[in-house]
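Working notes for the structure below.
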Amino acid sequence: MSASPRLGVLLAAVVTLAAVVVPSTVAQAAPKAPRTAVLDGAALRDAKARLDRGDRQLTRTLTHLTARADNWLSQGPWTVVDKPRPAPGGDVHDYLSQAPYWWPSQPKTAENPWGCPYVQRDGQRNPEVDTGTDRQDVEKVFDSAYDLSLAWYYTGEKKYSEKAASVLRTWFLDPGTRMNPNLDHGQFIPCKYDGRAIGIIDFSQSYTSVLDAIALLDTGAPGWSKADRADMLAWNIDFRDWLADSPFGKEESAAKNNHGTFYDMLLAGLAYATGDNGLARRTVLDARAKRIDPQIAADGSQPQELVRTRSWHYSTFDLVAYTRLAAIGRHVGVNLWSYEGPAGQSLFKAVRYLLPAATGAEPWTYPELEFHRFAASDVVHAAADAGDRAARAAVPKLETPPGGDLWALRPAAEQLDSIAG
């Protein structure tokens, strides 16, 4: 055989070998672990690797996640400047929301268009709060950015990341539509207050999901540029500083119930996401004596939440904040799960207190206007992952939340029932 035919055979063999080997190498390339604030980036990376290998159980869970993401593709983006009237200060770029449990006490007339004075009805949501303010839109921004970013990370489909980027740019970054980084007019009460510190919970309960969405996009998502990343970081630094230093921020920090817990979660999350690990660590450490000791009783109950008309909701709601704060603590070297207060208070005990009702073994005997057993599912998952045996045993008995149990792909507690305030 001449040199030329032998060379041809050799080249053909190399091409064949490359066709066999290269795709396998690409398929096995490790995905990037995002620097998420609440979610465990390594766990997300491992889940993605399992999906890439065809894990059937995770693939079924992924269908629930992508269904949520697909629902957002035809919606939004939303903007803070679209509300029919600006916040009391007159700037349409200022976020505005209305206190959910306050109602007009008089008929609305030309002389009294709001029906003032307003009176409180705890746990009863006034439908007015969903019209004329930014509250509903901002919740859509938070939820869509989170679902879409997760869907992109796991599937690699750019339609998800490009939509998430559009949502975030429109609400936070574009000069004509951006929100100012403050909550000076959160949960205003007509004819009474132009804004309240308590309004910070509009963001503190969910904004850490946006921080995680940004971290996911930062791993190289199509449609999310270096400029977007830098501008979003600058916005978050400004918001972090407002939260830490403003009178409303300091007042909310002093709150004794779930508002205080969620404040800590938001501040710690913002601090970690903006590179201030010292502030994040101090916030988690301080939560031991500042939050757990006074808020959780020796038996694991949360007395300040049990007196509410929605005691089940608020008991699970507060634990969403605690478990997410514990997740942030993991990133900065603090194990909040292992802490025990002077009377034996702990997060594990607080979750165990909910297990009989969460598993359906016993009824919930405290006031509750609308009981949803699934509201506790995520916090039980969190305790189980943190090593609690009782929680692990309870997991198979939990009620599946609407839309499916997504814990395997987004292992961080969410507020699973819809009431807020």
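The values are calculated or read from the model by the stated rules, or taken from the named source; none is laboratory data. These numbers come from a predicted model, not from an experiment. Here the Cβ positions follow ideal geometry from the backbone for every residue, glycine too, while neighbour counts run over all protein chains shown. With ligands, DNA and RNA removed, areas are computed over all heavy atoms of the protein, side chains included. Shrake-Rupley method; radii C 1.70, N 1.55, O 1.52, S 1.80 Å.
Considering only residues that are within 21 Å of Arg308 (Cα to Cα) and among the aromatic types (Phe, Trp, Tyr), look in segment 346-373 and name the one that is least open to solvent (accessible area, probe 1.4 Å).
Among those that are within 21 Å of Arg308 (Cα to Cα) and among the aromatic types (Phe, Trp, Tyr), it is Trp364.
Looking at this structure, is Ser209 modelled with pLDDT of 95 or more, outside any loop (DSSP other than H, G, I, E, B) and either buried (at least 21 other Cβ atoms within 10 Å of the Cβ) or basic (Lys, Arg) (or both)?
yes
With respect to Pro117, determine if the residue is touching a residue at least 12 places away in the same chain (Cβ under 8 Å), surrounded by fewer than 19 Cβ atoms within 10 Å (Cβ to Cβ) and under 15 Å from Asp94 (Cβ atoms).
It is false that Pro117 is touching a residue at least 12 places away in the same chain (Cβ under 8 Å), surrounded by fewer than 19 Cβ atoms within 10 Å (Cβ to Cβ) and under 15 Å from Asp94 (Cβ atoms).
Applying the selection to segment 164-189, what residues are under 18 Å from the mean Cα position of the chain (by Cα) and either among the charged types (D, E, K, R) or in a helix (DSSP H, G or I) (or both)?
Ala164, Ala165, Val167, Leu168, Trp171, Phe172
With respect to Ala343, is the statement that it is over 16 Å from the mean Cα position of the chain (by Cα), farther than 30 Å from Leu216 by Cβ and open to solvent by less than 10 Å² (accessible area, probe 1.4 Å) true? Break it down stepwise before answering.
Numbers: over 16 Å from the mean Cα position of the chain (by Cα): yes; farther than 30 Å from Leu216 by Cβ: yes; open to solvent by less than 10 Å² (accessible area, probe 1.4 Å): no.
No, not satisfied.
Could you tell me which residue of segment 242-290 is most open to solvent (accessible area, probe 1.4 Å), considering only residues that are among the acidic types (Asp, Glu) and within 28 Å of Arg308 (Cα to Cα)?
By that ranking, first place goes to Glu251.
Sort out which residues of segment 189-210 are under 17 Å from Met232 (Cα atoms) and not hydroxyl-bearing (Ser, Thr, Tyr), and write them in order of number.
Correct list: Phe203, Val210.
Among the numbered criteria (1) over 26 Å from Glu128 (Cβ atoms); (2) open to solvent by 50 Å² or more (accessible area, probe 1.4 Å); (3) part of a helix (DSSP H, G or I); (4) touching a helix residue (DSSP H, G or I) at 6+ places or on another chain (Cβ under 7 Å), which one does Ile198 miss?
Among (1) over 26 Å from Glu128 (Cβ atoms); (2) open to solvent by 50 Å² or more (accessible area, probe 1.4 Å); (3) part of a helix (DSSP H, G or I); (4) touching a helix residue (DSSP H, G or I) at 6+ places or on another chain (Cβ under 7 Å), the lone unmet condition for Ile198 is (1).
Just give me the residues in segment 39-60 being in a helix (DSSP H, G or I) and without any contact (Cβ under 8 Å) to a residue 40 or more places away in the chain, in sequence order.
Listed by number, the residues that qualify are Ala42, Arg45, Asp46, Ala49, Arg50, Asp52, Arg56, Thr59, Arg60.
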